[in-house]
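Below is one structure, written out as structure tokens, with a few remarks after it.
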Amino acid sequence: MNKRNYGLMTAVAMIVGIVIGSGIFFKSDNVLVLTGGNVMDGVLVFCVAAIAIVFGCLSFSQLALLSDKPGGVITYAEEFTSMRFACASGWFESFLYYPTLIVIVSWVAGIYAGILFGWENTLEQQTLFGLAVVVVLFALNLLSAKLGGYFQNATLVLKMVPLIIIAVAGFAFGQPGEAIAAHTTSIGPAGLFAAILPIAFSFDGWICATSISHEIRDSQKNLPRAMIFSPILILAVYVAYFVGISALVGPDKIMELGDAHVEFAAAKLFGAAGAKAILVFVLISVLGTVNGLILAAIRMPYSLALRRMVPGSDKLSKQSPALRGMPFASAMVVFGLSLLWYALHYFSTKYGLLPNSDISEIAIVVHYLMFIGLYVTVMRLTAQGRIKNK
């Protein structure tokens, strides 16, 4: 029997903690570049991009009301579409989607750690730090589901600190009126569409909470609540931060500085020491994202094994009594896959095999395309009366 280790707060922390990671800190400049410095167009881009996560969360919250079995997307596909689609979804998430995201986000943690501690910041150092993060967080979640949940809750609070500080400081000490008036020419629909692409990664990851639905207390109420509240909170934080940092630093300066604009804003507010402090919070933010991904990923092969959709199902479907019901074999499969994808990422980055890209981007795009089938399913179930409009 599955232990109900997580409450509503952990479900919210998992969604918000995974979605709000490193992306928002280094994508604001990209959005401004693509909108020609037009802050209001940038706000519109964030709102349009948020439609996907809001629509997705609302749709999956309805499916969560109808099922409480392990597997998340696998369960929904199995019960409401077909076994083939469920198997394909499970294999994709277990062997490609989650491991590649774990690799890329932990590698980003290595990048920020290098900046924070003044390392040479080579690819090798970034990779070693990222690997250490993966090992520690896998161990944390295996030793105690509650510890993993507590860490997720704590990092959610801590990662909000730099976002809120910069947002508030921008409105209090910056020039929001001047920032908005600096560039008023709209780039038009085509330009707005192009500007959405850089922030796609920043909005990804919300679906991960469904993988622990069977471990959430009163999940048929708490998971839908989490999936409705979380995207609203994420959008509010993103827009407040974007406008705040534009007001504090200025759109032109942000475009000039690129990814260094966050450190510049922190130094402007608090000096060099303050800039380091903000980087600490950014690093914690990224670590929270990695933890949330691992928390979700270790259940995926287990969910496949329960349905006998993967070789070695007898071993993968076992829960370890010594680890309070955690699926140890399933976690080790994901850990091994993460190491494999780390090797592929290292060589693809070192030798420029994926220029201006990384191993996670294709997985993210395919993941969203796969959701279309489940969105259509929600519409069909609504038409059949199994999902009630309220």
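Can you tell me which residue in the range 96-130 is surrounded by the most Cβ atoms within 10 Å (Cβ to Cβ), limited to those that are over 26 Å from Ala260 (Cβ atoms) and among the hydrophobic types (A, V, I, L, M, F, W, C)?
Ile102
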If Val168 satisfies all but one of (1) in contact (Cβ under 8 Å) with a residue 60 or more places away in the chain; (2) under 17 Å from Gly288 (Cα atoms); (3) surrounded by fewer than 16 Cβ atoms within 10 Å (Cβ to Cβ), what's the number of the condition it fails?
(2)
Checked the range 314-364 for anything surrounded by fewer than 13 Cβ atoms within 10 Å (Cβ to Cβ) and either under 11 Å from Arg299 (Cα atoms) or without any contact (Cβ under 8 Å) to a residue 12 or more places away in the chain (or both); matches are Asp314, Pro321, Ala322, Gly336, Ala343, Phe347, Tyr351, Gly352, Leu353, Pro355, Asn356, Ser357
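Listed here are the residues, each with its yes/no results for (1) outside any helix (DSSP H, G or I); (2) under 26 Å from Thr122 (Cα atoms); (3) under 20 Å from the mean Cα position of the chain (by Cα).
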| position | (1), (2), (3) |
| --- | --- |
| Phe335 | no, yes, yes |
| Trp341 | no, yes, yes |
| Gly352 | yes, yes, no |
| Ile359 | yes, yes, yes |
| Met370 | no, no, yes |
| Val378 | no, no, no |
| Ala383 | no, no, no |
| Arg386 | yes, no, no |
Residue check, Thr185 against (1) farther than 30 Å from Asp41 by Cβ; (2) outside any helix (DSSP H, G or I), all met but one. Which one?
(1)
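Per-residue answers, yes or no, for (1) hydroxyl-bearing (Ser, Thr, Tyr); (2) assigned to a helix (DSSP H, G or I):
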| site | (1), (2) |
| --- | --- |
| Ala52 | no, yes |
| Tyr97 | yes, yes |
| Ile102 | no, yes |
| Gly110 | no, yes |
| Asn121 | no, no |
Scanning the range 39-69 for residues that are open to solvent by less than 10 Å² (accessible area, probe 1.4 Å) and not small (Gly, Ala, Ser), which turns out farthest from Ala247 (Cα to Cα)?
Leu63
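The values are calculated or read from the model by the stated rules, or taken from the named source; none is laboratory data. What you see is a predicted model, and the numbers here were worked out from it, not measured in a lab. Methodologically, a virtual Cβ is constructed for each residue, glycine included, from the backbone with ideal geometry; neighbour enumeration extends over all protein chains shown. Surface accessibility is based on the protein's heavy atoms, side chains included, excluding ligands, DNA and RNA. Shrake-Rupley method; radii C 1.70, N 1.55, O 1.52, S 1.80 Å.
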